[in-house]
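Trainee: Got a structure for you, questions after.
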């Protein structure tokens with residue numbers, strides 16, 4: 001039974017490429033069943049990590065594109081630490097649970113989890129869910145990067161504004177004159193305007 | 001006339017059907033206020049039906065709280081900040097209604113590392129540990145691996161603070177990793193990790209098994225630091241503020257009971273029955289008695305004085321999260337600390353006539369410079 005149909009387009013054709021999946025499950029019977037389900041729909045299960053001592057190395061060596069993990073698996077904290085503590089490239093994690101209410105799955109997706117698979121789901125539905133998970137994850141990452149860039153742009157503008165103020169005061173210039181001077185200094189030195197602004201502010205502090 | 005109470009004309013006598021308050025916890029000694037409240041019937045006495053569930057990881061507990069599979073939880077303080085900021089992809093609003101304890105974690109080192117340090121009396125100084133790490137690096141030996149229990153944890157930030165005070169860069173001079181608390185003693189014995197910072201009883205258990213030595217407690221780094229919190233899902237509080245207040249009152253009452261020395265033996269027995277059936281009773285009792293390997297701790301695990309949630313204390317953890325680059329820019333302090341609220345605690349304390357606890361000592365400086 002799948003509860004994720006609200007956000008999934010069932011008409012979408014699955015791609016023929018093999019998805020590399022790392023399965024994390026400390027219950028060997030369930031791991032075997034989930035592996036069979038994944039393989040049947042064209043995923044390659046590159047490794048099964050069950051209570052492994054060096055999980056993080058295992059994840060890195062596997063080259064997996066996506067991790068499929070039980071919601072209640074004891075390895076989850078270790079998996080989460082990879083991007084937080086070791087600055088590993090974050091990977092989408094698809095959680096599966098033995099049971100969950102539809103509204104909980106809705107809430108999980110709203111909170112930002114890429115996908116939520118409920119055990120007993122028909123095998124042919126597993127792969128689309130994982131693909132959606134990867135798409136959602138990538139969209140989320142792209143959004144984060146855009147935000148970070150936008151923030152950096154704002155920071156740079158603040159620097160330039162402060163440098164302009166310094167030049168206006170130092171040389172008794174109008175604002176457009178200060179900006180032209182800043183731009184000329186940048187051109188003369190082959191630097192970005194923001195780099196010149198930073199150096200002006202640096203010499204000011206010194 | 002007993003039939004009267006059944007008559008439809010007197011609906012006010014009918015008790016409302018109570019929904020069960022679902023609270024999750026991770027099996028650790030500082031979950032005691034929750035387990036004690038249930039075992040002593042304190043939840044019943046405030047009119048609550050409570051289902052306590054032991055969770056296998058902090059991530060699972062967090063997800064269930066965020067997705068509505070739990071109404072409340074025994075939570076790491078920095079996890080409430082992480083949830084407010086949407087770190088690790090999960091964003092949810094929770095309400096920190098009470099503190100569940102202060103102190104109570106140990107830094108435990110492998111026997112061979114303790115031997116390398118030479119004779120020391122706990123608490124081990126950051127300077128001595130820093131010197132050892134540098135000696136090892138100069139000799140070309142592998143960096144040490146130290147486990148914490150979760151990236152966004154008081155353990156991680158207090159340990160990092162202590163390492164930095166010893167002149168170390170925790171991201172460069174050592175390997176910090178995550179191991180679930182019930183596995184730390186085994187990983188230490190196997191040599192997978194060289195030490196760990198985890199909540200009790202796991203330091204005492206490692207010492208009892210003879211696989212490690214307790215070097216210090218986190219109370220030696222920040223005396224009486226806030227540890228776990230009782231966090232409710234924000235929509236639960238909005239929907240049923242009375243139950244949130246009642247649950248908080250039961251937890252404060254349990255903390256009060258735990259403060260009585262006469263009750264500590266029973267507390268250890270409750271924890272053993274409910275959370276650690278395979279551990280020796282003495283291993284569980286050590287934290288309640290304020291002891292580590294038979295020596296008294298300067299700042300032991302305590303409950304009653306830690307129940308009032310204090311935003312200014314949580315702010316220290318927020319600053320550490322910024323210090324180590326764990327929080328993206330653009331998250332304001334007020335948004336990150338919004339979960340800490342005192343109104344529920346005050347309503348619950350009034351009901352119990354519980355006075356406001358004395359103000360705790362301030363947190364350590366944000367950065368301790370290496371001498």
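Trainee: Please give the FRET efficiency for residue B:141 paired with residue A:29, using the beta carbon to beta carbon distance and R0 = 60 Å, rounded to the nearest 0.05. Walk me through the intermediate numbers first.
Mentor: On the way: r = 42 Å, r/R0 = 0.70.
For R0 = 60 Å, the calculated efficiency reads 0.90.
Trainee: Between residue A:168 and residue B:116, with labels modelled 7 Å along Cα→Cβ, what's the label distance in nm to one decimal, could you check?
Mentor: Using points 7 Å along Cα→Cβ, the separation is 5.9 nm.
Trainee: May I have the pair-distance distribution P(r) for chain B, computed from all Cα-Cα distances with 20 Å bins from 0 and rounded to whole percent?
Mentor: 30, 56, 12, 2, 0
Trainee: Let me ask something additional. Per residue of B:190-197, what is the mean number of Cβ atoms on other protein chains within 10 angstrom of that residue's Cβ?
Mentor: On the way: counts 1, 1, 2, 1, 0, 0, 0, 0.
Whole-number average of other-chain Cβ neighbours for B:190-197 is 1.
Trainee: When ranked by the protection proxy of mean other Cβ atoms within 10 Å per residue, highest first, what sequence do the peptides B:215-223, B:111-119 form? Walk me through the numbers on the way to the answer.
Mentor: Values: B:215-223: 24.0, B:111-119: 13.2.
Descending packing order for the listed peptides: B:215-223, B:111-119.
Trainee: Ok, one more. Between Rg and the Kirkwood Rh of the stretch B:279-342, both from Cα atoms, what is the Rg to Rh ratio?
Mentor: On the way: Rg = 17.1 Å, Rh = 14.7 Å.
Rg/Rh: 1.16.
Trainee: Let me ask something else about it. Over 42 Å apart: what share of the alpha carbon pairs of the protein assembly as shown falls there, rounded to a whole percent?
Mentor: On the way: 49611 of 166176 pairs.
Every Cα pair in the protein assembly as shown considered, those over 42 Å come to 30 percent.
Trainee: What distance in nm separates the two pseudo spin-label positions at residue B:343 and residue B:127, each 7 Å out from Cα along the beta-carbon direction?
Mentor: 4.9
Trainee: Please report the relative contact order for chain B, taking Cα pairs under 8 Å with a sequence separation of at least 6, and give it as a percent rounded to a whole number. If you can, show how the numbers build up before the last one.
Mentor: Details: 686 pairs, mean separation 95.6, N = 371.
Value for chain B: 26 percent.
Trainee: With 5 Å bins from zero, work out the P(r) of the stretch A:147-205 over every alpha carbon pair and list the percent per bin.
Mentor: Binned Cα distances yield the sequence 4, 22, 28, 25, 14, 6, 2, 0.
Trainee: Also, quick follow-up: Counting partner chain Cβ atoms within 10 Å of every residue's Cβ in A:69-76, what's the average?
Mentor: On the way: counts 1, 2, 8, 8, 4, 9, 6, 11.
Per residue, the average neighbour count from other chains is 6.
Trainee: Sticking with this one: Kindly provide log₁₀ I(q)/I(0) values, in the same order as q = 0.14 Å⁻¹, from the Debye equation applied to equal alpha-carbon scatterers of the stretch B:45-123.
Mentor: The Debye formula, applied to the Cα set alone, gives -0.66.
Trainee: Right, something else. Which angle from 0 to 90°, rounded to the nearest 10, does the C-alpha axis of helix B:126-138 make with the longest principal axis of chain B?
Mentor: Once rounded, the angle reads 50 degrees.
Trainee: Next question, about the same structure. Using r as the Cβ-Cβ distance of residue A:148 and residue B:93, and R0 as 25 Å, what FRET efficiency do you calculate, to the nearest 0.05?
Mentor: Values: r = 23 Å, r/R0 = 0.94.
The value I calculate is 0.60.
Trainee: Ok, one more. Calculate the spin-label point distance for residue B:44 paired with residue B:189, positioning each point 7 Å from the Cα along the beta-carbon direction, and give it in nanometres.
Mentor: Calculated label separation equals 3.9 nm.
Trainee: Applying 1/(1 + (r/R0)^6) with R0 = 30 Å to the Cβ-Cβ distance of residue A:141 and residue A:39, what FRET efficiency is obtained, to the nearest 0.05? Mind showing how you got there, number by number?
Mentor: Working: r = 27 Å, r/R0 = 0.91.
Rounded to the nearest 0.05, the efficiency is 0.65.
Trainee: Per residue Cα convex hull volume for the stretch B:253-371, in cubic angstrom? Numbers along the way, then the final one.
Mentor: Values: hull volume 21.3 nm³, N = 119.
With only Cα atoms used, the stretch B:253-371 gives 179 Å³ per residue.
Trainee: I've got another one for you. Return one quarter of the surface area of the convex hull spanned by the alpha-carbon atoms of the stretch B:105-220, equal to its mean projected area, in nm². Intermediate values should be presented prior to the final figure.
Mentor: On the way: hull surface 24.9 nm².
One quarter of the hull surface, i.e. the mean projection, equals 6.2 nm².
Trainee: Next question, about the same structure. Sorted by mean Cβ packing within 10 Å, highest first, what order do the peptides B:294-303, B:154-163 take? Show your work: numbers first, answer last.
Mentor: Numbers: B:294-303: 17.7, B:154-163: 25.5.
Ranked from most to least packed, the peptides come out as B:154-163, B:294-303.
Taken together, the values in this text are just the output of simple stated rules run on the coordinates, not laboratory data. Nothing here was measured: the structure is a model prediction, and the numbers come from that model. Every residue, glycine as well, gets a Cβ built from its backbone with ideal geometry; the counts of neighbours run over all protein chains shown.
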